[in-house]
1. When segment C:106-134 is examined, which residues are found to be among the charged types (D, E, K, R) and assigned to a strand (DSSP E or B)?
2. Considering segment C:15-40 alone, what residues qualify as being closer than 17 Å to residue C:137 by Cα, part of a helix (DSSP H, G or I) and touching an Asp or Glu at 6+ places or on another chain (Cβ under 9 Å)?
3. Go through segment B:52-81 and give me each residue that's touching a residue at least 60 places away in the same chain (Cβ under 8 Å) and within 11 Å of another protein chain (Cβ to nearest Cβ).
4. So residue C:49 clears everything in (1) crowded, with 20+ Cβ neighbours inside 10 Å; (2) closer than 30 Å to residue B:109 by Cβ; (3) free of Cβ contacts under 8 Å to residues at least 40 places away in the same chain except one condition, right? Which one?
5. State the number of residues belonging to segment A:96-123 that are within 18 Å of residue A:3 (Cβ to Cβ) and within 12 Å of chain B (Cβ to nearest Cβ).
6. Of (1) part of a helix (DSSP H, G or I); (2) touching a Ser or Thr at 6+ places or on another chain (Cβ under 7 Å); (3) within 14 Å of chain B (Cβ to nearest Cβ), residue A:43 satisfies all except one. Which?
7. Do you know which residues across segment A:64-106 are at pLDDT below 90 and in contact with a Cys (Cβ under 9 Å, 6 or more places away or on another chain)?
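The values are calculated or read from the model by the stated rules, or taken from the named source; none is laboratory data. What you see is a predicted model; the values in this text were computed from it and never measured. Please note: Cβ atoms are built from the backbone with ideal geometry, for glycine as well, and neighbour counts cover all protein chains shown.
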Amino acid sequence: MDMTSRLVQLNAAYARAIDTEKFEDWPKLFADPCLYKVTTADNVAKGLESGIMYADSRGMLEDRVSALRKANIYERQRYRHIVGLPVVTGEAGGVATTETPFLIVRIMRDGAMAVFATGCYHDRVVADSSGALSFAERVVVCDGGRFDTLVAIPF
Amino acid sequence: MDMTSRLVQLNAAYARAIDTEKFEDWPKLFADPCLYKVTTADNVAKGLESGIMYADSRGMLEDRVSALRKANIYERQRYRHIVGLPVVTGEAGGVATTETPFLIVRIMRDGAMAVFATGCYHDRVVADSSGALSFAERVVVCDGGRFDTLVAIPF
Amino acid sequence: MDMTSRLVQLNAAYARAIDTEKFEDWPKLFADPCLYKVTTADNVAKGLESGIMYADSRGMLEDRVSALRKANIYERQRYRHIVGLPVVTGEAGGVATTETPFLIVRIMRDGAMAVFATGCYHDRVVADSSGALSFAERVVVCDGGRFDTLVAIPF
């Protein structure tokens with residue numbers, strides 16, 4: 001299977017874990033250690049390091065999921081990720097550097113829908129010995145910047 | 001061609017048949033007999049069988065298209081399907097089980113646009129002797145639940 | 001790599017050039033001469049030739065980029081293209097005819113987001129001697145029709 005198809009599958013699995021609320025599947029898509037960060041295009045342009053979410057190990061991602069399960073915040077709304085087409089911008093030493101645009105729609109319990117976020121995933125993707133891909137790094141760069149202080153759901 | 005690419009093509013052909021109003025091409029993408037159902041995530045979670053649309057043969061799908069042509073309801077607006085990346089969740093006995101997220105934008109005659117529906121296609125896909133894929137089953141699970149009583153356009 | 005994967009890459013590169021405001025990369029994705037036109041589904045249905053943008057050479061596309069850089073209009077907002085799945089409708093004499101749906105979200109400086117345009121790219125794609133694809137023709141058919149008189153950003 002070519003790289004584009006494999007990236008399509010990795011990204012599709014990522015969106016599915018979140019949108020079906022199988023959050024426990026989400027950390028498994030990362031290498032360990034890893035980098036997961038949610039930030040905005042404005043922060044990136046200004047060179048600001050601060051982000052909306054940050055984790056550098058699978059354990060931290062799992063902690064996030066546990067917190068999410070306890071808070072039950074996700075039950076108030078549903079999310080739908082529409083992941084665009086991946087671009088491979090580089091490949092070296094078994095690491096592929098890729099960028100993949102996304103759109104997230106939020107669906108409230110009353111059925112109201114709105115574009116919640118758009119942006120681009122900036123990834124470093126690695127393959128394990130079986131060829132399965134995972135994220136060594138996923139930096140989620142959101143186009144907009146109006147988010148709740150507590151964003152519970154992974155982007 | 002690998003399975004991901006073939007699923008991309010099947011889904012792209014599906015969206016194109018609807019968005020270009022070539023509705024007669026739509027039933028041809030299904031096996032016969034088949035299952036086509038439109039429902040909501042809430043209904044699925046509650047175990048409710050009732051859906052917004054239902055058909056179990058290509059003939060029923062063709063009847064739906066005939067009704068649509070007579071009603072001319074589709075002329076008042078236009079739809080645009082943005083189909084996301086397919087996930088293959090299983091393959092056995094020549095049947096692939098897949099999930100593919102979607103977003104539908106409705107464009108009114110005055111140019112106003114709004115997110116009409118989001119959701120996920122839950123499919124069972126089969127290949128004929130030439131290798132061409134078709135839907136043995138397409139269950140359209142919408143995230144939201146505010147639809148007109150008479151939804152004339154296929155999802 | 002199969003045609004679907006190559007089209008995915010071409011379309012992803014196109015969206016990336018615009019959304020990251022690397023506009024100078026945009027003309028490089030076209031053959032020379034070429035046809036680039038932005039129009040609406042209504043205009044196409046009425047047989048009207050007039051469009052929102054028109055260029056028939058790489059030089060004209062480059063002029064457009066220069067004008068855009070001088071006007072600085074793009075700094076007021078950001079765009080995000082979500083490009084759907086490509087359909088190959090024909091292949092002959094080294095030219096692939098394809099259709100690819102798109103959705104463009106506009107993000108204002110204050111973070112407000114709205115669906116800006118949806119539509120379908122109607123393309124004629126050619127490969128150079130190295131196999132790299134480019135657009136001999138890209139006709140951007142927008143579903144809606146309410147655009148600013150001066151649309152500065154490529155679609």
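1. Just the residues of segment C:106-134 that are among the charged types (D, E, K, R), to begin with: C:106, C:109-110, C:123-124, C:128.
C:106, C:123, C:124, listed by residue number.
2. Residue satisfying the conditions is C:27 alone.
3. Passing the criteria: B:79, B:80, B:81.
4. Among (1) crowded, with 20+ Cβ neighbours inside 10 Å; (2) closer than 30 Å to residue B:109 by Cβ; (3) free of Cβ contacts under 8 Å to residues at least 40 places away in the same chain, the lone unmet condition for residue C:49 is (1).
5. Final tally of qualifying residues: 2.
6. (3)
7. The answer is A:84, and nothing else.
Let's see how each residue does on (1) of a type in the set (D, E, K, R); (2) out of contact with any helix residue (DSSP H, G or I) (no Cβ under 6 Å at 6 or more places or on another chain); (3) surrounded by fewer than 17 Cβ atoms within 10 Å (Cβ to Cβ); (4) not in a helix (DSSP H, G or I):
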site: B:59; (1), (2), (3), (4): no, yes, yes, no
site: B:64; (1), (2), (3), (4): yes, yes, no, no
site: B:67; (1), (2), (3), (4): no, yes, yes, no
site: B:70; (1), (2), (3), (4): yes, yes, yes, no
site: B:78; (1), (2), (3), (4): yes, yes, no, yes
site: B:82; (1), (2), (3), (4): no, yes, no, yes
site: B:85; (1), (2), (3), (4): no, no, no, yes
site: B:89; (1), (2), (3), (4): no, yes, yes, yes
site: B:96; (1), (2), (3), (4): no, yes, no, yes
